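Since the structure comes first, as structure tokens, the remarks are kept for the end.
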Protein chains: 2
Amino acid sequence: MPQTPLRSATRYGTRPTMKDVAARAGVGLKTVSRVVNGEPGVTPETERRVQEAIDALGFRRNDSARVLRKGRTASIGLVLEDLADPFYGPLSRSVEEVARAHGALLINGSSAEDPEREQELVLALCARRVDGLVVIPAGDDHRYLEPELKAGVATVFVDRPAGHIDADVVLSDNFGGARDGVAHLIAHGHRRIGFIGDMPRIHTAAERLRGYRVAMEDAGIPVTDSWMSLGVTDPERVRRAAEEMLTGPDPVTAIFAGNNRVTVTVIRVLAEQARRVALVGFDDIELADLLQPGVTVVAQDASDIGRTAAERLFRQLDGTLVTPERIELPTRLITRGSGEIPPAD
Amino acid sequence: MPQTPLRSATRYGTRPTMKDVAARAGVGLKTVSRVVNGEPGVTPETERRVQEAIDALGFRRNDSARVLRKGRTASIGLVLEDLADPFYGPLSRSVEEVARAHGALLINGSSAEDPEREQELVLALCARRVDGLVVIPAGDDHRYLEPELKAGVATVFVDRPAGHIDADVVLSDNFGGARDGVAHLIAHGHRRIGFIGDMPRIHTAAERLRGYRVAMEDAGIPVTDSWMSLGVTDPERVRRAAEEMLTGPDPVTAIFAGNNRVTVTVIRVLAEQARRVALVGFDDIELADLLQPGVTVVAQDASDIGRTAAERLFRQLDGTLVTPERIELPTRLITRGSGEIPPAD
DNA sequence: TAGAGCCTGGACAACGTTGTCAGGCTCGGG
DNA sequence: CCCGAGCCTGACAACGTTGTCCAGGCTCTA
């Protein structure tokens, strides 16, 4: 039984190749390649014929083959915690903009704060031969990236430093920001200040906690364990933690919230309280100025962080950059009311 | 002059291949392939040797080559308007989750509401041979996708239907939602109701405007041009539009805001007003319940939309789905206070 | 003990593109 | 009239992987 040819430009599910275009235009394969890539050395007449064939067949260059040949994919990977988090949207967008300016596409992945999933994602991106990686680490050991780095995959860590490898990192001054935020509360007369944050194994959480401790220490205020809640992140537990601090034996008059999700929940809790409790949150939140009172926050600029990281990435690819560096971007205290409430003792 | 070999597994900037691994393990190329892909037919002892070589060399399969061979990339593309917009973060995330469940990666791109950029992005994704596309259209003519569809690229449009081609589309009931929202205001006694929305060339904007018109018509209320502001999107112009409606010769007592960005700006304007003006917004906004008054909105579920679209995409790839359909997801009116303010005449 | 059948491993081509190189053509100058 | 230079064009190999197919060695059965 004679087999029908497996490929034919019109068959559903297959695509025309340069060979098909060449056949139709009556030219050689390489000539098509030249036209597609705008290389010089093709007569206008030939070019027209080729272009016609391209349009007629709906040809689209296969970049997989191109990548295989050229070695560069013109794409970079971004691994973050959760794209749905309002902090990462703008960050991702600014990375994308920089990538676009360099003609690269962006592949996104959410690790959901799971180290295993982070590694899985990063390695999948490497298998696709992304030119570079921007990683917001979930895990704290990144030795698995060593072969990739050696192979020349540009890599920038964001928000938290890499574990056990030497790599670029761009982050906010979490320590300084938290310290200043807490100091702000102290300056307004507070001494019993609560801290609600994420697990200290997360670098940002640890740094912010350190900022809290140092600010308290600098003011000569001894800290009680019952003022600190670490590792809670889901709304229910944050709520309970906040309520305990507010009603315990040594109730706080102010709360420092370690990240935007905590802040939102604390706002809800405070709205239900009879007495007025001061609040400063890490990370800005939308509409914070429209709430009553406005929410005082330590803001980090997600777009700026993303842009800085992506630009470093492409400078690594240029060869302009070689030595890994740690870049710390300043935070900004935005006073809107909630942080200026005096203690109600 | 004898040329030094260009490749060698240890040279910086190159990566070991299966050939290198095979050489080191003393086996054939295909055996390495089998081990890497977990195919049967390899003795445990051979497998161990190969695995050892893989680890020693830091080998990582080159998926470009794999794709070239297999035809499927296990990646899908998502083209949206702006990843920084809080509506698209969750949408993107839910698409990613579905993709992950099918072993696929997600490539993201923002069109910035520019049809040309949309096309550019979509074609770049097609050149990379994504298996499928989820597109939130910026333009209104998608005939450029015909060759891709014919070639079997699964495609689902989201939020707005495709132009001039027959394709799946998943969207909210923009018309019904807006109509119900406006009817809600009417039910609370309003007759002079303003509408601020995007350009009507955008499908969602047009549908929401239609909902507004029909609700007014159903209530027998003639609409004045000065109550409608179309095509404004930047905060400055929204602000001016709102102020004009409120202070004009025939001032409105309520405003229907056509999308989340408009809503936010209108909230700011209303906060400055002496008299109380009712507001219903399309799209939910974070912390809407904590504002004074709480913001009544017509909510659409971004995650649900994303999930539905992505699931359809993979069912297209399965072959389970063939006929393009239009899927309209219901919206939900969430009353929180701002929409229940009576008219102040 | 021979033959059939199974299991393991490897040689080879193919995927679609681009870099290299050489051939053919035209044109101008000697 | 011939030759070299310069321009277009196309044949061919290579990128790294996987599918196909076959060889060789083994076990099992008649």
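Name the residues whose placed amide hydrogens come within less than 5 Å of the amide hydrogen of B:G194, ignoring near sequence neighbours (fewer than 5 apart) on the same chain.
Under 5 Å from the amide H of B:G194 lie the amide H atoms of B:T253, B:A254, B:I255, B:F256, each far enough along the sequence or on another chain.
With the label 7 angstrom out along Cα to Cβ, how close does B:R239 come to the same site in each of the other copies, in nm, nearest first?
3.6
Place +1 on the Cβ of every Lys and Arg and -1 on the Cβ of every Asp and Glu in segment A:29-102, take the dipole about the Cα centre, and give the residue among A:P90, A:V67, A:V42 whose Cα lies farthest towards its positive end.
Of the candidates, A:V42 comes out farthest on the positive side.
Just to confirm a number: summing +1 for Lys and Arg and -1 for Asp and Glu over residues other than A:P137 whose beta-carbon lies under 9 angstrom from that of A:P137, what do you get?
Result for the local shell: -2.
Based on the alpha-carbon gyration tensor of the protein assembly as shown and its eigenvalue square roots a ≥ b ≥ c, which shape applies: rounded if a/c is under 1.5, prolate if not and a/b is larger than b/c, or oblate?
Oblate.
Per residue, how much accessible area does the protein assembly as shown have with a 1.4 Å probe, in Å²?
Accessible area per residue: 44 Å².
To the nearest 20 debye, what charge dipole does segment B:10-105 have about its Cα centre, counting +1 at the Cβ of each Lys and Arg and -1 at the Cβ of each Asp and Glu?
660
If you put +1 on each Lys and Arg Cβ and -1 on each Asp and Glu Cβ, how big is the dipole of chain B around its Cα centre, in Debye rounded to 20?
Approximately 1760 debye in magnitude.
How would you order A:187-197, A:213-223 from highest to lowest mean count of nearby Cβ atoms within 10 Å?
Packing order, densest peptide first, comes out as A:187-197, A:213-223.
Just to confirm a number: summing +1 for Lys and Arg and -1 for Asp and Glu over residues other than A:H203 whose beta-carbon lies under 11 angstrom from that of A:H203, what do you get?
0
Quick one: grab the alpha carbon gyration tensor of segment A:226-276, order the square roots of its eigenvalues as a ≥ b ≥ c, and give me rounded if a/c is under 1.5, else prolate or oblate depending on whether a/b is larger than b/c.
oblate
Which positions within segment B:136-174 get 30 Å² or more of their accessible surface covered by the other protein chains, compared to the chain by itself, with a 1.4 angstrom probe?
B:P147, B:E148, B:K150, B:A151
Among A:281-290, B:325-334, A:247-256, how do they line up from the highest to the lowest mean number of other beta-carbon atoms within 10 Å?
A:281-290, A:247-256, B:325-334
How big is the A-B contact in terms of buried accessible area, both chains counted, 1.4 Å probe, rounded to the nearest 100 Å²?
Using a 1.4 Å probe on protein heavy atoms, the buried area is about 5400 Å².
Take peptides B:112-125, A:79-92, B:131-144 and line them up by average Cβ neighbours within 10 Å, highest first, as a rough protection proxy.
Per-residue Cβ counts within 10 Å, averaged per peptide and sorted highest first, yield A:79-92, B:131-144, B:112-125.
Would you jot down the residues in segment B:31-80 that end up with at least 40 Å² less accessible area in the complete protein assembly than in the chain alone, with a 1.4 Å probe?
Buried on complex formation: B:R60, B:N62, B:D63, B:S64, B:L68.
Roughly to the nearest percent, how much of the accessible area of segment A:144-194 is carbon and sulfur, given a 1.4 Å probe?
48
Mind jotting down the distance between the C-alpha centroids of segment B:306-345 and segment B:10-55, whole Å?
About 48 Å separates the Cα centre of segment B:10-55 from the one of segment B:306-345.
Could you size up the charge dipole of the protein assembly as shown around its Cα centre, putting +1 on the beta carbon of Lys and Arg and -1 on that of Asp and Glu, and report it in debye to the nearest 20?
Its charge dipole is roughly 2840 debye.
Counting only other chains, and only Cβ atoms inside 10 Å, what mean value do you get across the residues of B:278-286?
Mean shielding count: 1.
Using each residue's phi in segment A:109-114, evaluate 6.51 cos²θ - 1.76 cosθ + 1.60 at θ = phi - 60° and report the 3J(HN,Hα) Karplus result to the nearest Hz, with x for Gly and Pro.
Here the 3J(HN,Hα) series is x, 9, 8, 6, 6, 10 Hz.
Using a 1.4 angstrom probe on protein heavy atoms only, which residues from segment B:108-129 are buried by at least 30 Å² of accessible area when all chains are present rather than their own chain alone?
Buried by the other chains: B:N108, B:S110, B:R117, B:A127, B:R128, B:R129.
Between the alpha-carbon centers of segment B:259-283 and segment A:262-280, tell me the distance in whole angstrom.
Cα centroid of segment B:259-283 versus Cα centroid of segment A:262-280: 24 Å apart.
Hey, can you grab everything whose amide H is under 5 Å from the amide H of B:G337? Only 5+ residues off in sequence or another chain; H modelled, so Pro and N-termini drop out.
Residues meeting the amide H criterion: B:T296.
Which percent of the accessible area of segment A:250-345 is formed by carbon and sulfur heavy atoms (probe 1.4 angstrom)?
In segment A:250-345, the share of accessible area belonging to carbon and sulfur is 47 percent.
Rounded if a/c is under 1.5, else prolate if a/b is larger than b/c, else oblate: which is segment A:87-176, with a ≥ b ≥ c the root eigenvalues of its Cα gyration tensor?
rounded
The values are calculated or read from the model by the stated rules, or taken from the named source; none is laboratory data. Not measured: the values here are computed from a predicted model. Here Cβ is always computed from backbone atoms with ideal geometry, including for glycine, and neighbour counts include all displayed protein chains. Protein only, heavy atoms only, side chains kept; ligands, DNA and RNA dropped before computing areas. Shrake-Rupley method; radii C 1.70, N 1.55, O 1.52, S 1.80 Å.
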